[in-house]
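Take a look at the structure set out below.
Just so it is clear, none of the values below were taken in a lab; they were calculated from the coordinates. Keep in mind that this is a model prediction, so the values were computed, not measured. When we count neighbours, we look across all protein chains shown, and the Cβ atoms used for this are built from the backbone with ideal geometry, even at glycine.
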Amino acid sequence: MVDVETTGFHPRQARVVSVAALALGDDGNVEGSFASLLNPGVDPGPTHVHGLTTEMLQGQPTFAEVVGELNAVLEGRTLVAHNVGFDYSFLANEAELVGAELPVDTVMCTVELARRLDLGLDNLRLETLAAHWGVTQMRPHDALDDAMVLAQILKPSLAGAHDRNAWLPVRPVSRRTWPNGLVTHDELLPLRTLAARLPGDFQNPGRFVAGRPLVQGMRVALSAEVTHTYEELIERMLHAGLSYADIVDQQTSLVVCDDADPEQGRGYQAREMGIPLVDDAAFTALLRHVVGGTDVEQFTDPTLRGDQYALF
């Protein structure tokens with residue numbers, strides 16, 4: 001469980017002023033921890049949010065001085081955060097600035113996890129989830145306190161995901177080592193953006209036919225009218241060997257849509273083009289028995305292939 005407080009919102013422009021990491025065991029108990037204020041060498045930014053002033057950060061260690069201790073907690077674990085793209089991007093940028101490497105291969109976002117639980121809340125902010133699960137916040141926007149709150153929220157969230165048969169939003173991340181030895185961490189793009197760029201591992205077998213199984217390589221688009229989140233549906237289809245299409249065209253095999261007679265959006269486009277519509281429940285059921293497709297020869301970076309989603 002990780003939380004950072006920063007001088008701004010953009011990791012290439014702002015710096016980390018506070019970081020906390022908790023290593024959790026399978027039982028949810030804390031097995032190790034690290035937390036520290038950091039001297040960013042720049043103005044601390046939104047003091048009204050994180051409460052940290054220039055005077056408070058003077059004399060604190062730099063990221064370079066603590067990255068070893070932080071990595072010792074992260075090693076071999078999935079980095080979990082509330083809006084993980086934010087925390088991971090900042091830590092990755094700080095690591096690159098000091099020539100270090102984050103030992104992180106997978107991440108999970110608790111915002112997306114909560115979204116899959118359909119809790120009926122007004123929003124999915126940390127304080128809202130804490131109140132829902134009966135967890136007390138002592139110091140909101142304090143990195144250590146936020147990480148501890150998140151750790152307490154995680155256990156009932158995982159139980160809820162199990163009860164709903166929801167897939168955990170665990171995503172792989174990658175890093176590259178350049179000839180000069182520099183390690184860079186790939187940006188954690190939104191899954192829809194990344195999936196649309198992934199080359200397919202299988203030839204597109206064409207349109208889906210009702211009464212027959214899905215075939216690996218089919219291109220699937222999602223309408224706005226679906227029950228599961230886009231992220232969960234995309235994860236499931238990539239794992240099954242299907243391809244995600246962010247547009248509807250003649251190469252689209254089917255469109256997932258809960259509205260049988262859509263009047264707009266991708267569902268409407270599919271109906272106009274004669275592309276089959278399959279509702280969310282039927283589609284997820286079909287994903288359990290996908291027929292093998294025909295391989296295509298790859299000419300791209302193998303680290304970007306769809307099989308990186310085999311962990312789902």
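Within the stretch 29-61, take every residue that is among the small types (Gly, Ala, Ser) and either without any contact (Cβ under 8 Å) to a residue 40 or more places away in the chain or surrounded by fewer than 13 Cβ atoms within 10 Å (Cβ to Cβ) (or both) and give me the one that is farthest from Asp3 (Cα to Cα). Here the answer is Gly59.
For the stretch 257-275, the tally of residues that are crowded, with 22+ Cβ neighbours inside 10 Å, of a type outside the set (Gly, Ala, Ser) and out of contact with any Lys or Arg (no Cβ under 9 Å at 6 or more places or on another chain) stands at 1. Total residues in the stretch 236-280 satisfying the condition of being under 14 Å from Phe208 (Cβ atoms), of a type in the set (A, V, I, L, M, F, W, C) and assigned to a loop (DSSP other than H, G, I, E, B): the figure is 5.
Considering (1) surrounded by 13 or more Cβ atoms within 10 Å (Cβ to Cβ); (2) over 24 Å from the mean Cα position of the chain (by Cα), the lone condition that Arg77 does not fulfil carries the number (2). Picking from residues in the stretch 1-17 that are part of a loop (DSSP other than H, G, I, E, B) and of a type in the set (D, E, K, R), the one that is surrounded by the most Cβ atoms within 10 Å (Cβ to Cβ) is Arg15. Consider the stretch 225-235 and keep the residues that are assigned to a loop (DSSP other than H, G, I, E, B) and not hydrophobic (A, V, I, L, M, F, W, C). The one that is surrounded by the most Cβ atoms within 10 Å (Cβ to Cβ) is His228.
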